[in-house]
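Each remark here refers to the structure printed beneath this line.
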Amino acid sequence: MSNASSFPLTSQTQGTTSRLRLLALSNGHGEDAIAVRILHQLQQLQNPPVLSALPLVGEGYTYQKLDIPLIGSVRTMPSGGFIYMDKRQLMRDLRGGLLQLTFHQIQAIRDWVNSQKKLGHQSAILAVGDIVPLSLAWISGANYAFVGTAKSEYHVRDEVGLLKRNKKTAWLENFSGSIYHPWERWLMSRRRCRAVFPRDSLTTQILKKWSIPAFDLGNPMMDSLEPSFPTARFYGAEIEKQELARPLIVTLLPGSRPPEAYANWQKILIAVSALIEIFQERNFQVRASNTLVFLGAIAPSLHFESIRQILQSYGFCLCSESPMQIPDPNALAFKQKNTYLILTQSAYNDCLHLADIAIAMAGTATEQFVGLGKPAITIPGNGPQFTFAFAEAQSRLLGASVILVEQPQEVAQVVRSLFANPDQLHSIAENGLRRMGKPGAAQRIAECLIKRLG
C-alpha cells in the first residue's frame, strides 16, 4: 500500500488562483481513464480548479501521468475492481484488506474536505464509476457530481421497451423503474449533488423522471480516439471500387489485464484460424481482394513476447512485408497462407478505425469499437473480467452491435452472415453511434462542472 498523508493544497498545473479544489474519486482502470479525460479538459480552462485524485482501485498511474497528485491510501486489489462479476473476487478482496483500505480512504476524503474548508477554499468531489465513489462523495460532506459509467438503461431496455430475459431474477435489475435503484437515485437527488452525467441519452431521459440533475453530454469513452490518418470520406464510383478491392480487416481485442488477456488471446486465435479456413472457400466472397488482414491491438500492459509466442504456435510466421502501414516502428507482421496479422502496442486508435469488424474479449475497447459504428463479435472467457456474465451484460448494453458466440469456432459463420446482410451492417452502424454518443463529452462535462460546482 502506498500512502500520501499530506494533502496537496497547490497544484503544479495551471490554476492555483482558482478557489475551487476538486477531488476525483474513481473505482477501476476504465473509470480512472474517464476521470483523467475530464480532468485534462478542466486543466485547459481559463481558470481551472486545483485537482487531486483518489483511485479507489489500483494505484492511480493514469492520474500520475497527468501530474495529478493523489491523496490517501492506494492499493491494487486482487479482483482489479471486478467483484460485481464474481462474488469469489469479493472474498479475495476482503482477505486482501478491502475493508481497511475503504476505511482509510473515507478518512482521507473527509480530512481533505476539512483541510480545504479550514483554508477557506471551496471544495467539491467528482465521483466516477458506480455507487461506491458516489457514496463516498456523499459521505464527504462536500458538493459533488457523478459520472455514471457502470450502469445504463440499455442493460434492461431499448427505445421500444423492456428486454425479454430468460433469467428469473432479471426483474430485480429494474424493479423500481430504472437500472439505478432507489438508494442510488437518492444519492443523486441530494441537494449537494449538483450534476449527474449518465453514459447515454436513454439513461438520462429515465433519470429525469426523478429530481435528479442529469445532463446528456455524451460518453467520454469516445474521446481521444482520433486515428493517424484523415477520416473524411468522399463517396463515388471510384471510391466504392477501391473499397471492394481492399482487404477485409479484422481487429483483435484480447483485453488488457494479465494473465486473463493471454488466455483470451488463445481463444481469439482459434476464431482467427476458423475465419482463415472459411475465407479460402470459393463461395465466401466479402471483398474482391482475397487478402485477409488481422490487427492485433495489444495493450502496453501485456508482455509482447508472450503474445508473439502464442501467435506463432498457431502457425503464423514472421515476415518482412506488410499489407498496410501502421504508425508503430515496433509493429510486427506475420503471415499464414494469404492472411496477414500485424501486432502493435501503440497504434490502438488506428486499429479501431481501419477495421471492418472486431473479435473482442475486452470491456472498454469493445465499447469504443462499437461506438465507431462497427460490429464486434465477442467470446466469453474465464475472467475475472470477461466472463459469460460480463459478455452477456455487454451484449445487452451495446445491442445489435455485439454478436455474442459461445465458442470461438462460431465466429467465422457470424462474419459470413454479417457481410451477406448490408442492411444489418447499416443498422449496426446507427445503433453504435446512438448508444455510445459523439466525441467531445469530456470537454462538455468539464465546462458543465465549472458552472455547477464553481
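The values are calculated or read from the model by the stated rules, or taken from the named source; none is laboratory data. Owing to the predicted nature of the structure, the values given are computational and were not obtained by experimental measurement. Positions of Cβ are generated from backbone atoms using ideal geometry, with glycine treated the same way; all protein chains shown enter the neighbour counts. To get the accessible areas, we keep the full protein, side chains included, count just its heavy atoms, and leave off ligands, DNA and RNA. Shrake-Rupley method; radii C 1.70, N 1.55, O 1.52, S 1.80 Å.
Listed by first and then second residue, the pairs with beta-carbon distance under 8 Å, at least 6 apart or on different chains, first residue in the range 296-310 and over 18 Å from VAL250 (Cβ atoms) and free of Cβ contacts under 8 Å to residues at least 60 places away in the same chain, second among the polar types (S, T, N, Q) and open to solvent by 70 Å² or more (accessible area, probe 1.4 Å), are PRO300/SER346.
Tell me the residue from LEU341, LEU318 that is touching a strand residue (DSSP E or B) at 6+ places or on another chain (Cβ under 9 Å), part of a strand (DSSP E or B), among the aliphatic types (A, V, I, L, M) and open to solvent by 40 Å² or more (accessible area, probe 1.4 Å), please.
LEU318
Looking only at residues in the range 344-365 that are polar (S, T, N, Q) and open to solvent by 20 Å² or more (accessible area, probe 1.4 Å), the one that is farthest from SER224 (Cα to Cα) is GLN345.
In the set (1) surrounded by 23 or more Cβ atoms within 10 Å (Cβ to Cβ); (2) more than 12 Å from ILE268 (Cα to Cα), ILE379 fails one condition alone, (2). Only one of ALA365, ALA333, ALA358 is farther than 17 Å from PRO247 by Cβ and either of a type outside the set (Lys, Arg) or not in a loop (DSSP other than H, G, I, E, B) (or both). Can you tell me which? Sole residue among the options that is farther than 17 Å from PRO247 by Cβ and either of a type outside the set (Lys, Arg) or not in a loop (DSSP other than H, G, I, E, B) (or both): ALA365. Of the residues making up the range 122-152, those that are hydroxyl-bearing (Ser, Thr, Tyr) and over 17 Å from LEU70 (Cβ atoms) are SER135, TYR144, THR149, SER152. Residues in the range 401-437 that are under 18 Å from ALA214 (Cβ atoms) and assigned to a loop (DSSP other than H, G, I, E, B): GLY437 alone.
What do you reckon, is VAL160 touching a helix residue (DSSP H, G or I) at 6+ places or on another chain (Cβ under 6 Å) and either farther than 17 Å from PRO133 by Cβ or not acidic (Asp, Glu) (or both)? Spelling it out, it is not the case that VAL160 is touching a helix residue (DSSP H, G or I) at 6+ places or on another chain (Cβ under 6 Å) and either farther than 17 Å from PRO133 by Cβ or not acidic (Asp, Glu) (or both).
Looking for something outside any helix (DSSP H, G or I), within 27 Å of the chain's Cα centre (by Cα), modelled with pLDDT under 95 and at positive phi - is there at least one such residue anywhere in the range 219-232? Checking the range 219-232: at least one residue is outside any helix (DSSP H, G or I), within 27 Å of the chain's Cα centre (by Cα), modelled with pLDDT under 95 and at positive phi.
For GLU367, are the conditions met, namely being at pLDDT 95 or above, within 20 Å of LYS151 (Cβ to Cβ), of a type in the set (D, E, K, R) and under 14 Å from the mean Cα position of the chain (by Cα)? Here the answer is yes, as GLU367 does meet what is asked. Here VAL113, VAL74 are screened, and the one residue that is at pLDDT below 95, open to solvent by less than 20 Å² (accessible area, probe 1.4 Å) and among the aliphatic types (A, V, I, L, M) is VAL74.
Restricting attention to the range 331-364, the residues being in contact with a Phe, Trp or Tyr (Cβ under 8 Å, 6 or more places away or on another chain) and free of Cβ contacts under 8 Å to residues at least 24 places away in the same chain number 3. Selection over the range 258-301 of residues that are at pLDDT 85 or above, open to solvent by less than 70 Å² (accessible area, probe 1.4 Å) and among the charged types (D, E, K, R) gives a count of 2. In summary, ASP67 fulfils each of the numbered conditions (1) open to solvent by 40 Å² or more (accessible area, probe 1.4 Å); (2) touching a helix residue (DSSP H, G or I) at 6+ places or on another chain (Cβ under 6 Å); (3) modelled with pLDDT of 90 or more with the single exception of condition (2).
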